Amino acid sequence: MNSKVLLLLIGLLVGAAAGYVTRPATTEITLGGLSIEVEGNRTARGGTAELTSSQWRHIAIFAGIGGVLGLGAGFAIGRRS
């Protein structure tokens, strides 16, 4: 497997894990047609609740950043060899 692809995948996985661990505590309250989302300033603790849309967005942003860093590292390694 190409080193760029391998480091991209590793970056995505590490970024997603970091995003999951640091996701903000968010609560969604739905009353009829009204949906209220409250986000705190602490990280979410382990729980069985489903992830909210803002938490998924947080994880995706971290995964994207990790992927870009991994791909950049792959290009850097490719230039040296």
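Summary of values
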{"read-out": "Residue selected from region 22-32 under the condition more than 14 Å from Ala60 (Cα to Cα) and surrounded by 15 or more Cβ atoms within 10 Å (Cβ to Cβ), by the criterion modelled with the highest pLDDT", "value": "Ala25"}
{"read-out": "Residue within region 8-21 that is farther than 30 Å from Ala76 by Cβ, buried (at least 16 other Cβ atoms within 10 Å of the Cβ) and out of contact with any Pro (no Cβ under 7 Å at 6 or more places or on another chain) present", "value": "no"}
{"read-out": "Residue that is modelled with the highest pLDDT [pool: residues in region 43-81 that are assigned to a loop (DSSP other than H, G, I, E, B) and of a type in the set (Val, Ile, Thr)]", "value": "Thr52"}
{"read-out": "Hits in region 1-14 - residues which are modelled with pLDDT of 95 or more and among the β-branched types (Val, Ile, Thr)", "value": "Ile10, Val14"}
{"read-out": "Test: Ser35 is more than 19 Å from the chain's Cα centre (by Cα) and either modelled with pLDDT of 85 or more or crowded, with 17+ Cβ neighbours inside 10 Å (or both)", "value": "no"}
{"read-out": "Conditions (1) at pLDDT 80 or above; (2) not in a helix (DSSP H, G or I); number of the one not met by Ala17", "value": "(2)"}
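To keep it simple, each residue is scored yes or no on (1) in contact with a helix residue (DSSP H, G or I) (Cβ under 7 Å, 6 or more places away or on another chain); (2) aromatic (Phe, Trp, Tyr).
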position	(1), (2)
Ser3	yes, no
Ala16	yes, no
Tyr20	yes, yes
Pro24	yes, no
Ile29	no, no
Thr52	no, no
Trp56	no, yes
Gly67	yes, no
Gly72	no, no
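The values are calculated or read from the model by the stated rules, or taken from the named source; none is laboratory data. It should be emphasised that the depicted structure is a prediction, and the values quoted were computed from it without experimental measurement. Reconstructed Cβ throughout: ideal geometry from the backbone, glycine too, with neighbour counts over all protein chains shown.
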